[in-house]
1. Loop-only GluC sites (Glu not before Pro) in the range 205-314, please: DSSP not H, G, I, E or B, and at most 13 other Cβ atoms within 10 Å.
2. If I model a spin label as a point 7 Å beyond the Cα along the Cα-Cβ vector, how far apart are those points for Asp263 and Ala84 in nm?
3. Looking at the range 95-225, send over the antiparallel percent of its DSSP beta bridges, to the nearest 5.
4. Arg46 to Gln415: FRET efficiency via 1/(1 + (r/R0)^6), r the Cβ-Cβ distance, R0 56 Å, to the nearest 0.05?
5. Quick one: of the DSSP bridges fully inside the chain, what percent are antiparallel, nearest 5?
6. Points 7 angstrom from Cα along the Cβ direction at Ala150 and Asp35: gap in nanometres?
7. If the reach is capped at under 16 angstrom between alpha carbons, list the aspartates and glutamates near Lys184, excluding any in the same chain fewer than eight residues apart.
8. Carbon and sulfur atoms: what percent of the 1.4 Å accessible area of the chain do they account for?
Amino acid sequence: MIGDRIEFEIGGTLDIPLPKMLPVAVSFDSAVLEDIEGAIAEQFTRPEIREKIKPGHSIAIGCGSRGVAGIAQIAKAVVAHINALGGKPFIFPAMASHGAATAEGQKQVLERYGITEDHVGCPLRATMEVATVDTLEDGTRIFVDRYAAAADGIVLINRVKPHTNFRAPIESGIVKMMTIGMGKIEGATEIHFHGFEAFETLLPRMARVIMQKLPFLFGVGVVENAYERPAQVQVMAAENLLAQEPKLLSRARELMPRLLFDDIDVLIIDEIGKDVSGSGFDPNVTGRNNRFIPWEDSPKVQKIVVMDLTEKTHGNAIGIGLADVTTMKLYKKMDVPSTYANTITATYLDGGFIPVIMNTEEEAIRLAVKTLRRVRPADARIVRIKNTLELNHIEVSEPLLPLVEMSSQMKKMGQPADVAFDAQGNLKPMRKG
(Lines give C-alpha, C1' and ligand atoms only; values in the text may rest on other atoms or scores of the structure.)
Protein backbone atom coordinates (compact mmCIF):
# COMPACT_ATOMS: atom_id res chain seq x y z
CA MET A 1 0.00 0.00 0.00
CA ILE A 2 1.27 3.47 -0.88
CA GLY A 3 1.04 5.99 1.93
CA ASP A 4 2.32 9.55 2.05
CA ARG A 5 5.93 8.47 1.63
CA ILE A 6 7.78 5.56 0.11
CA GLU A 7 10.89 4.35 1.86
CA PHE A 8 13.19 1.96 0.01
CA GLU A 9 16.85 1.21 -0.46
CA ILE A 10 18.77 2.68 -3.38
CA GLY A 11 22.12 1.28 -4.44
CA GLY A 12 24.56 4.03 -3.65
CA THR A 13 22.97 7.41 -3.01
CA LEU A 14 20.87 10.09 -4.72
CA ASP A 15 23.38 12.68 -3.57
CA ILE A 16 24.92 12.94 -7.03
CA PRO A 17 26.25 15.99 -8.89
CA LEU A 18 23.74 17.62 -11.23
CA PRO A 19 24.87 19.80 -14.12
CA LYS A 20 24.15 23.49 -13.90
CA MET A 21 21.03 24.76 -15.69
CA LEU A 22 20.36 27.97 -17.60
CA PRO A 23 17.25 29.64 -19.02
CA VAL A 24 16.75 29.66 -22.79
CA ALA A 25 14.25 31.58 -24.89
CA VAL A 26 13.01 29.75 -27.98
CA SER A 27 11.38 31.53 -30.91
CA PHE A 28 8.79 30.07 -33.26
CA ASP A 29 6.58 31.41 -36.03
CA SER A 30 4.26 33.85 -34.23
CA ALA A 31 1.56 34.24 -36.90
CA VAL A 32 -1.59 35.22 -35.00
CA LEU A 33 -5.21 36.00 -35.81
CA GLU A 34 -5.91 39.17 -33.85
CA ASP A 35 -9.60 39.55 -34.69
CA ILE A 36 -11.25 36.17 -34.14
CA GLU A 37 -14.78 37.49 -34.24
CA GLY A 38 -14.07 39.41 -37.44
CA ALA A 39 -12.58 36.32 -39.07
CA ILE A 40 -15.65 34.24 -38.19
CA ALA A 41 -17.95 36.99 -39.41
CA GLU A 42 -16.11 36.99 -42.75
CA GLN A 43 -16.50 33.21 -43.02
CA PHE A 44 -20.26 33.56 -42.52
CA THR A 45 -20.52 35.90 -45.51
CA ARG A 46 -19.86 32.94 -47.80
CA PRO A 47 -23.09 31.80 -49.49
CA GLU A 48 -22.25 28.09 -49.17
CA ILE A 49 -22.16 28.56 -45.39
CA ARG A 50 -25.07 30.94 -44.92
CA GLU A 51 -27.48 28.88 -47.02
CA LYS A 52 -27.03 25.87 -44.77
CA ILE A 53 -28.80 27.59 -41.86
CA LYS A 54 -32.57 27.45 -42.31
CA PRO A 55 -34.89 29.63 -40.18
CA GLY A 56 -36.37 27.67 -37.30
CA HIS A 57 -34.00 24.72 -37.66
CA SER A 58 -32.32 23.35 -34.55
CA ILE A 59 -28.54 23.43 -34.89
CA ALA A 60 -26.36 21.25 -32.62
CA ILE A 61 -22.92 22.80 -32.09
CA GLY A 62 -20.33 20.34 -30.79
CA CYS A 63 -17.39 21.49 -28.67
CA GLY A 64 -14.71 19.26 -27.17
CA SER A 65 -12.55 18.86 -24.09
CA ARG A 66 -9.35 20.38 -25.47
CA GLY A 67 -8.21 23.80 -24.31
CA VAL A 68 -8.64 25.39 -27.74
CA ALA A 69 -7.44 28.99 -27.79
CA GLY A 70 -10.40 31.37 -27.61
CA ILE A 71 -12.93 28.51 -27.70
CA ALA A 72 -15.59 30.35 -25.66
CA GLN A 73 -15.23 33.42 -27.88
CA ILE A 74 -15.40 31.30 -31.03
CA ALA A 75 -18.44 29.37 -29.83
CA LYS A 76 -20.22 32.57 -28.89
CA ALA A 77 -19.56 34.10 -32.32
CA VAL A 78 -20.77 30.97 -34.15
CA VAL A 79 -23.94 30.92 -32.04
CA ALA A 80 -24.56 34.60 -32.77
CA HIS A 81 -24.27 34.14 -36.54
CA ILE A 82 -26.54 31.10 -36.54
CA ASN A 83 -29.08 33.05 -34.48
CA ALA A 84 -28.86 35.95 -36.94
CA LEU A 85 -29.68 33.57 -39.79
CA GLY A 86 -32.78 32.31 -37.97
CA GLY A 87 -31.35 29.05 -36.65
CA LYS A 88 -32.01 27.69 -33.16
CA PRO A 89 -28.55 26.68 -31.88
CA PHE A 90 -27.59 24.66 -28.82
CA ILE A 91 -24.19 23.48 -27.58
CA PHE A 92 -23.41 19.82 -26.87
CA PRO A 93 -20.20 18.14 -25.65
CA ALA A 94 -18.45 16.17 -28.40
CA MET A 95 -15.71 14.60 -26.32
CA ALA A 96 -16.05 10.80 -26.31
CA SER A 97 -15.20 9.50 -22.81
CA HIS A 98 -13.75 12.67 -21.34
CA GLY A 99 -15.30 14.35 -18.32
CA ALA A 100 -15.20 10.97 -16.54
CA ALA A 101 -17.61 9.68 -19.23
CA THR A 102 -20.63 11.31 -17.57
CA ALA A 103 -23.05 13.91 -18.93
CA GLU A 104 -22.52 16.20 -15.97
CA GLY A 105 -18.76 15.77 -16.15
CA GLN A 106 -18.72 16.71 -19.83
CA LYS A 107 -20.94 19.73 -19.22
CA GLN A 108 -18.56 20.86 -16.50
CA VAL A 109 -15.59 20.55 -18.86
CA LEU A 110 -17.27 22.98 -21.28
CA GLU A 111 -18.25 25.35 -18.50
CA ARG A 112 -14.67 25.43 -17.22
CA TYR A 113 -13.63 26.68 -20.66
CA GLY A 114 -16.20 29.48 -20.41
CA ILE A 115 -18.79 27.76 -22.61
CA THR A 116 -21.83 28.46 -20.45
CA GLU A 117 -25.39 29.15 -21.52
CA ASP A 118 -25.14 32.74 -20.31
CA HIS A 119 -21.90 33.41 -22.17
CA VAL A 120 -22.61 31.82 -25.54
CA GLY A 121 -26.30 32.72 -25.60
CA CYS A 122 -27.91 29.32 -26.20
CA PRO A 123 -28.80 26.13 -24.30
CA LEU A 124 -26.18 23.53 -23.38
CA ARG A 125 -27.43 19.94 -23.64
CA ALA A 126 -25.31 17.09 -22.38
CA THR A 127 -26.02 13.37 -22.55
CA MET A 128 -24.07 10.16 -22.86
CA GLU A 129 -26.91 8.54 -24.79
CA VAL A 130 -26.23 7.85 -28.46
CA ALA A 131 -28.13 7.02 -31.63
CA THR A 132 -26.90 4.38 -34.07
CA VAL A 133 -26.24 5.97 -37.45
CA ASP A 134 -25.17 2.91 -39.45
CA THR A 135 -23.04 -0.21 -39.39
CA LEU A 136 -20.05 -0.73 -41.67
CA GLU A 137 -19.54 -3.95 -43.62
CA ASP A 138 -17.12 -5.26 -41.00
CA GLY A 139 -19.69 -4.79 -38.23
CA THR A 140 -18.31 -1.51 -36.86
CA ARG A 141 -21.22 0.53 -35.53
CA ILE A 142 -21.33 4.31 -35.91
CA PHE A 143 -22.78 6.19 -32.95
CA VAL A 144 -23.67 9.87 -32.55
CA ASP A 145 -24.79 11.94 -29.56
CA ARG A 146 -28.57 11.57 -29.25
CA TYR A 147 -29.27 15.31 -29.20
CA ALA A 148 -27.06 15.93 -32.22
CA ALA A 149 -28.63 13.06 -34.17
CA ALA A 150 -32.10 14.55 -33.64
CA ALA A 151 -31.13 18.11 -34.67
CA ASP A 152 -31.86 19.65 -38.06
CA GLY A 153 -28.19 20.49 -38.50
CA ILE A 154 -24.82 19.72 -36.89
CA VAL A 155 -21.82 22.04 -36.59
CA LEU A 156 -18.49 21.14 -34.96
CA ILE A 157 -15.79 23.43 -33.55
CA ASN A 158 -12.32 22.00 -32.95
CA ARG A 159 -8.62 22.64 -33.17
CA VAL A 160 -6.87 21.00 -36.13
CA LYS A 161 -3.46 19.62 -35.19
CA PRO A 162 -1.15 16.63 -35.54
CA HIS A 163 -2.49 13.64 -33.65
CA THR A 164 -0.50 12.11 -30.84
CA ASN A 165 -0.83 8.50 -31.99
CA PHE A 166 -0.95 8.21 -35.79
CA ARG A 167 0.13 9.90 -39.01
CA ALA A 168 -2.29 10.56 -41.90
CA PRO A 169 -3.56 13.36 -44.16
CA ILE A 170 -6.36 13.88 -41.60
CA GLU A 171 -5.46 13.50 -37.94
CA SER A 172 -6.90 15.49 -35.01
CA GLY A 173 -9.65 17.90 -35.98
CA ILE A 174 -13.22 18.05 -37.24
CA VAL A 175 -13.29 14.54 -38.75
CA LYS A 176 -11.97 12.99 -35.53
CA MET A 177 -14.51 14.92 -33.47
CA MET A 178 -17.30 13.84 -35.81
CA THR A 179 -16.45 10.14 -35.62
CA ILE A 180 -15.04 9.75 -32.10
CA GLY A 181 -16.04 12.80 -30.06
CA MET A 182 -19.69 12.79 -31.15
CA GLY A 183 -19.90 9.05 -30.59
CA LYS A 184 -19.40 9.40 -26.83
CA ILE A 185 -17.79 6.51 -24.96
CA GLU A 186 -19.67 3.86 -26.99
CA GLY A 187 -18.54 5.26 -30.32
CA ALA A 188 -15.00 5.91 -29.17
CA THR A 189 -14.68 2.38 -27.81
CA GLU A 190 -16.02 0.92 -31.07
CA ILE A 191 -13.47 2.82 -33.12
CA HIS A 192 -10.48 2.30 -30.84
CA PHE A 193 -11.03 -1.46 -31.10
CA HIS A 194 -9.37 -1.21 -34.53
CA GLY A 195 -6.23 0.46 -33.17
CA PHE A 196 -4.66 3.76 -34.22
CA GLU A 197 -3.05 2.15 -37.27
CA ALA A 198 -6.55 1.91 -38.83
CA PHE A 199 -7.49 5.55 -38.23
CA GLU A 200 -6.01 6.88 -41.48
CA THR A 201 -8.72 5.15 -43.54
CA LEU A 202 -11.37 4.39 -40.92
CA LEU A 203 -12.08 7.95 -39.74
CA PRO A 204 -12.67 9.49 -43.20
CA ARG A 205 -14.74 6.46 -44.15
CA MET A 206 -16.97 6.85 -41.11
CA ALA A 207 -17.20 10.60 -41.62
CA ARG A 208 -18.54 10.07 -45.13
CA VAL A 209 -21.26 7.79 -43.76
CA ILE A 210 -22.21 10.29 -41.05
CA MET A 211 -22.41 13.13 -43.57
CA GLN A 212 -24.59 10.98 -45.84
CA LYS A 213 -26.96 9.94 -43.05
CA LEU A 214 -27.12 13.09 -40.91
CA PRO A 215 -27.37 16.83 -41.72
CA PHE A 216 -23.79 17.78 -40.93
CA LEU A 217 -23.45 21.38 -42.11
CA PHE A 218 -19.88 22.56 -41.53
CA GLY A 219 -16.89 22.44 -39.22
CA VAL A 220 -15.05 25.39 -37.70
CA GLY A 221 -11.37 24.46 -37.73
CA VAL A 222 -8.91 26.39 -35.56
CA VAL A 223 -5.15 26.35 -36.13
CA GLU A 224 -2.96 27.59 -33.28
CA ASN A 225 0.56 28.93 -33.31
CA ALA A 226 3.34 27.79 -30.99
CA TYR A 227 2.23 30.31 -28.37
CA GLU A 228 -1.28 28.84 -27.98
CA ARG A 229 -2.94 31.66 -29.88
CA PRO A 230 -5.25 31.21 -32.88
CA ALA A 231 -3.46 31.71 -36.18
CA GLN A 232 -6.30 30.72 -38.51
CA VAL A 233 -10.02 29.98 -38.35
CA GLN A 234 -11.62 28.19 -41.30
CA VAL A 235 -15.27 27.26 -41.72
CA MET A 236 -15.35 24.11 -43.87
CA ALA A 237 -18.61 23.12 -45.54
CA ALA A 238 -19.52 19.44 -45.37
CA GLU A 239 -18.91 18.89 -49.07
CA ASN A 240 -15.36 20.30 -48.82
CA LEU A 241 -14.34 19.05 -45.37
CA LEU A 242 -12.26 16.02 -46.39
CA ALA A 243 -10.32 18.11 -48.91
CA GLN A 244 -9.79 21.18 -46.73
CA GLU A 245 -8.87 19.70 -43.36
CA PRO A 246 -5.52 18.27 -44.59
CA LYS A 247 -4.50 21.82 -45.58
CA LEU A 248 -5.19 23.07 -42.06
CA LEU A 249 -3.22 20.12 -40.66
CA SER A 250 -0.21 21.03 -42.80
CA ARG A 251 -0.34 24.61 -41.50
CA ALA A 252 -0.69 23.39 -37.92
CA ARG A 253 2.35 21.16 -38.33
CA GLU A 254 4.38 24.14 -39.56
CA LEU A 255 3.39 26.24 -36.55
CA MET A 256 3.55 23.72 -33.71
CA PRO A 257 6.25 24.14 -31.06
CA ARG A 258 9.01 21.57 -30.73
CA LEU A 259 12.17 20.82 -28.81
CA LEU A 260 15.19 21.73 -30.92
CA PHE A 261 17.43 18.89 -29.70
CA ASP A 262 17.84 15.44 -31.23
CA ASP A 263 19.04 13.70 -28.07
CA ILE A 264 18.03 14.42 -24.47
CA ASP A 265 19.10 12.40 -21.43
CA VAL A 266 16.44 13.67 -19.00
CA LEU A 267 13.32 15.58 -19.93
CA ILE A 268 11.63 17.25 -16.96
CA ILE A 269 7.97 18.15 -17.52
CA ASP A 270 6.50 20.40 -14.84
CA GLU A 271 2.88 19.47 -15.64
CA ILE A 272 0.80 17.17 -17.82
CA GLY A 273 -2.94 17.15 -18.48
CA LYS A 274 -5.81 16.67 -20.91
CA ASP A 275 -5.93 20.42 -21.54
CA VAL A 276 -2.32 20.19 -22.76
CA SER A 277 -2.68 17.12 -24.97
CA GLY A 278 -5.02 14.20 -25.50
CA SER A 279 -2.09 12.07 -24.35
CA GLY A 280 -1.33 14.20 -21.29
CA PHE A 281 1.91 15.28 -22.92
CA ASP A 282 2.38 15.41 -26.68
CA PRO A 283 4.50 12.66 -28.29
CA ASN A 284 5.06 15.04 -31.20
CA VAL A 285 7.17 17.04 -28.76
CA THR A 286 8.68 14.37 -26.50
CA GLY A 287 9.35 11.78 -29.20
CA ARG A 288 7.88 9.04 -26.97
CA ASN A 289 4.56 7.28 -27.55
CA ASN A 290 2.56 4.32 -26.29
CA ARG A 291 4.01 0.87 -26.77
CA PHE A 292 3.35 -0.76 -30.15
CA ILE A 293 2.65 2.57 -31.89
CA PRO A 294 5.21 3.17 -34.66
CA TRP A 295 6.84 6.50 -33.83
CA GLU A 296 10.09 7.86 -35.20
CA ASP A 297 9.95 11.51 -34.13
CA SER A 298 12.84 13.18 -32.33
CA PRO A 299 14.05 13.84 -29.75
CA LYS A 300 15.34 10.57 -28.39
CA VAL A 301 14.90 10.77 -24.62
CA GLN A 302 16.36 8.34 -22.06
CA LYS A 303 14.29 9.36 -19.04
CA ILE A 304 11.11 11.45 -18.70
CA VAL A 305 10.11 12.91 -15.34
CA VAL A 306 6.55 14.28 -14.90
CA MET A 307 6.12 16.31 -11.74
CA ASP A 308 2.53 17.55 -11.51
CA LEU A 309 -0.93 17.73 -13.11
CA THR A 310 -2.51 20.85 -14.55
CA GLU A 311 -5.43 22.27 -12.61
CA LYS A 312 -7.73 22.00 -15.63
CA THR A 313 -7.17 18.26 -16.10
CA HIS A 314 -9.01 17.70 -12.79
CA GLY A 315 -7.07 14.58 -11.92
CA ASN A 316 -7.10 12.94 -15.36
CA ALA A 317 -3.51 11.71 -15.52
CA ILE A 318 -3.64 9.88 -18.86
CA GLY A 319 -0.15 9.62 -20.31
CA ILE A 320 1.53 9.27 -16.93
CA GLY A 321 2.54 5.75 -17.96
CA LEU A 322 4.75 7.11 -20.75
CA ALA A 323 7.02 8.69 -18.14
CA ASP A 324 9.76 6.91 -16.21
CA VAL A 325 9.54 8.77 -12.91
CA THR A 326 6.83 10.82 -11.21
CA THR A 327 6.23 12.46 -7.83
CA MET A 328 4.10 11.65 -4.83
CA LYS A 329 2.43 15.03 -5.38
CA LEU A 330 1.18 14.01 -8.84
CA TYR A 331 0.20 10.53 -7.70
CA LYS A 332 -1.96 11.94 -4.89
CA LYS A 333 -3.77 14.25 -7.34
CA MET A 334 -4.57 11.45 -9.78
CA ASP A 335 -8.29 10.79 -10.29
CA VAL A 336 -8.26 7.09 -11.08
CA PRO A 337 -11.82 6.77 -12.51
CA SER A 338 -11.40 9.57 -15.07
CA THR A 339 -7.89 8.40 -15.96
CA TYR A 340 -9.05 4.83 -16.41
CA ALA A 341 -12.15 5.79 -18.43
CA ASN A 342 -9.98 7.71 -20.87
CA THR A 343 -7.18 5.11 -20.99
CA ILE A 344 -9.46 2.11 -21.44
CA THR A 345 -11.43 3.82 -24.21
CA ALA A 346 -8.15 4.43 -26.08
CA THR A 347 -7.25 0.71 -25.58
CA TYR A 348 -3.56 1.55 -24.96
CA LEU A 349 -3.50 0.73 -21.26
CA ASP A 350 0.11 1.79 -20.69
CA GLY A 351 -1.12 5.39 -20.74
CA GLY A 352 -2.49 4.76 -17.26
CA PHE A 353 0.47 2.85 -15.82
CA ILE A 354 2.17 4.29 -12.75
CA PRO A 355 5.88 5.12 -13.15
CA VAL A 356 8.38 4.96 -10.29
CA ILE A 357 7.04 7.33 -7.62
CA MET A 358 9.51 9.46 -5.69
CA ASN A 359 8.63 11.48 -2.62
CA THR A 360 9.79 14.85 -3.95
CA GLU A 361 10.64 16.51 -7.23
CA GLU A 362 14.30 16.58 -6.22
CA GLU A 363 14.33 12.83 -5.62
CA ALA A 364 12.53 12.22 -8.94
CA ILE A 365 15.07 14.22 -10.91
CA ARG A 366 18.07 12.78 -9.13
CA LEU A 367 16.78 9.24 -9.67
CA ALA A 368 16.31 9.88 -13.40
CA VAL A 369 19.87 11.20 -13.69
CA LYS A 370 21.31 8.40 -11.54
CA THR A 371 19.74 5.71 -13.73
CA LEU A 372 20.99 7.08 -17.05
CA ARG A 373 22.92 4.55 -19.09
CA ARG A 374 26.46 5.42 -20.13
CA VAL A 375 26.07 9.06 -19.05
CA ARG A 376 27.87 10.54 -16.06
CA PRO A 377 25.56 12.76 -13.94
CA ALA A 378 27.59 15.93 -14.49
CA ASP A 379 27.42 15.36 -18.27
CA ALA A 380 23.64 14.80 -18.42
CA ARG A 381 21.80 16.65 -21.17
CA ILE A 382 18.73 17.83 -19.26
CA VAL A 383 15.81 19.87 -20.61
CA ARG A 384 13.07 21.28 -18.40
CA ILE A 385 9.74 22.47 -19.84
CA LYS A 386 6.51 23.68 -18.28
CA ASN A 387 4.41 21.43 -20.52
CA THR A 388 4.42 20.33 -24.15
CA LEU A 389 2.41 23.35 -25.30
CA GLU A 390 4.58 26.08 -23.78
CA LEU A 391 8.08 25.70 -25.19
CA ASN A 392 9.12 29.30 -25.71
CA HIS A 393 10.84 29.41 -22.30
CA ILE A 394 12.80 26.35 -21.22
CA GLU A 395 15.79 25.45 -19.10
CA VAL A 396 18.69 23.32 -20.31
CA SER A 397 21.76 21.87 -18.65
CA GLU A 398 25.21 23.24 -19.38
CA PRO A 399 26.24 20.33 -21.66
CA LEU A 400 23.57 21.52 -24.15
CA LEU A 401 24.89 25.10 -24.23
CA PRO A 402 26.93 24.61 -27.46
CA LEU A 403 23.77 23.56 -29.32
CA VAL A 404 21.88 26.56 -27.95
CA GLU A 405 24.59 28.93 -29.14
CA MET A 406 24.57 27.37 -32.62
CA SER A 407 20.79 27.73 -33.07
CA SER A 408 19.10 30.74 -34.66
CA GLN A 409 15.91 29.95 -32.71
CA MET A 410 17.41 29.67 -29.22
CA LYS A 411 18.90 32.40 -27.08
CA LYS A 412 20.68 32.06 -23.74
CA MET A 413 18.87 34.26 -21.20
CA GLY A 414 21.11 33.87 -18.17
CA GLN A 415 24.17 32.19 -16.79
CA PRO A 416 24.42 28.54 -15.71
CA ALA A 417 23.46 28.02 -12.07
CA ASP A 418 22.98 25.13 -9.69
CA VAL A 419 19.59 23.40 -9.80
CA ALA A 420 17.52 25.09 -7.09
CA PHE A 421 15.10 23.22 -4.83
CA ASP A 422 13.04 24.59 -1.95
CA ALA A 423 12.85 23.14 1.57
CA GLN A 424 10.15 20.67 0.48
CA GLY A 425 12.28 19.33 -2.36
CA ASN A 426 10.30 21.09 -5.10
CA LEU A 427 12.03 22.69 -8.05
CA LYS A 428 12.00 26.45 -7.84
CA PRO A 429 10.14 28.27 -10.68
CA MET A 430 11.84 28.27 -14.04
CA ARG A 431 14.12 31.21 -14.67
CA LYS A 432 13.41 33.36 -17.72
CA GLY A 433 16.43 35.59 -17.50
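1. On the way: sites: Glu224, Glu228, Glu239, Glu254, Glu271, Glu296, Glu311; in loops: Glu228, Glu271, Glu296, Glu311.
Listed in order of number, the matching sites are Glu296, Glu311.
2. 5.7 nm
3. Details: 6 of 12 bridges.
Of all bridge pairs located within the range 95-225, approximately 50 percent are antiparallel.
4. Values: r = 54 Å, r/R0 = 0.97.
That pair, Arg46 with Gln415, gives E of 0.55.
5. On the way: 25 of 59 bridges.
Restricted to the chain, the bridges split so that about 40 percent are antiparallel.
6. Computed distance between label sites Ala150 and Asp35 equals 4.1 nm.
7. Glu104, Glu129, Asp134, Asp145
8. Values: 8840 of 17830 Å².
Carbon and sulfur together cover 50 percent of it.
The values are calculated or read from the model by the stated rules, or taken from the named source; none is laboratory data. What you see is a predicted model; the values in this text were computed from it and never measured. Cβ atoms come from the backbone with ideal geometry, glycine included; neighbour counts cover every protein chain shown. All accessible areas refer to the heavy atoms of the entire protein, side chains included, with ligands and DNA or RNA removed. Shrake-Rupley method; radii C 1.70, N 1.55, O 1.52, S 1.80 Å.
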